[in-house]
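Every number here is computed from the coordinates shown, using simple stated rules; none is lab data. Please read these numbers as outputs of a predicted model, since none were measured by experiment. FYI the Cβ positions are ideal-geometry reconstructions off the backbone, even for glycines, and counts take in every protein chain you see.
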Amino acid sequence: MIKLIILTHGSLSEALYETATKIVGEQEGILRFSSLNLGPADMFKLLREAVLQNDHHETIIAVDLKGGNTWNIACKLAHENDNVRVVSGVNLGMIFSFSTKRKENNLDGLVDVLVQDGHRHIDKYVPKPGGV
């Protein structure tokens, strides 16, 4: 089974997980971590242990910000492990898609789905002058 690690700054990972489970129910194989109070070496060690547990399951690490410490450390771990992929810009749409589509996709296919569905949930609304 593919697992998901949500790795964010502050308490975002926990808030995303709690919100998602209120909508789609409890999900097996989703871990969440915060970079709060962790240096890069400690964060890498924590992630590495999470990836290596349970016989090296395929893992997607979803981070909040590309280019930040969470991204850099997750990418370093993915570089060292063939069964790890990283996506940035984690949002509820990605978590919903992971929860509902992970059984029908392989690792790389699921990564593509998460990125596509994550983008699909980003949009804008600009009201027209004078009403709708």
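Counting only C-alpha contacts under 8 Å and six or more residues apart, can you give the relative contact order of the chain as a whole percent? Could you put the intermediate results ahead of the total?
Working: 181 pairs, mean separation 33.6, N = 132.
Answer for the chain is 25 percent.
If packing is taken as the mean number of other Cβ atoms within 10 Å per residue, what is the order of 19-27, 72-80, highest first?
Numbers: 19-27: 12.8, 72-80: 17.9.
Ranked by mean Cβ neighbours within 10 Å, highest first: 72-80, 19-27.
Dipole size in debye (nearest 20) for the stretch 3-120 around its Cα centre, Lys and Arg Cβ +1, Asp and Glu Cβ -1?
Working: 12 positive and 15 negative charges, 41 e Å.
So the dipole magnitude of the stretch 3-120 works out to roughly 200 debye.
Which whole-angstrom value gives the distance between the alpha carbon centres of the stretch 64-81 and the stretch 1-25?
The two parts, judged by their Cα centres, are 18 Å apart.
How much length would be gained if the chain were fully extended between THR100 and ASN72, taking 0.36 nm per residue of separation minus their Cα-Cα distance, in nm to one decimal? Could you put the intermediate results ahead of the total?
Working: separation 28, 0.36 × 28 = 10.08 nm, distance 2.77 nm.
Additional length available on full extension: 7.3 nm.
I'd like to compare 83-94, 110-121, 33-44: which one has the highest average count of other Cβ atoms within 10 Å, and what's the full order after that? Could the numbers behind the result be given before it?
Values: 83-94: 19.8, 110-121: 16.8, 33-44: 14.8.
Taking the mean over residues of other Cβ atoms within 10 Å, the ranking is 83-94, 110-121, 33-44.
Got a sec to turn the phi values of the stretch 39-49 into Karplus ³J(HN,Hα) couplings, 6.51 cos²θ - 1.76 cosθ + 1.60 with θ = phi - 60°, whole Hz, x for Gly and Pro?
x, x, 5, 5, 5, 4, 4, 4, 5, 4, 4
Summing -39500 (n - 2.57) over the DSSP H runs of n ≥ 4 in the chain and dividing by its residue number, what mean residue ellipticity at 222 nm do you reach, to the nearest 500 deg cm²/dmol?
On the way: 5 runs with 66 residues, N = 132.
It lands at -16000 deg cm²/dmol.
Could you state the angle between the C-alpha long axis of helix 12-24 and the longest principal axis of the C-alpha atoms of the chain, as a value from 0 to 90 degrees rounded to the nearest 10?
Here the helix axis deviates by roughly 70 degrees.
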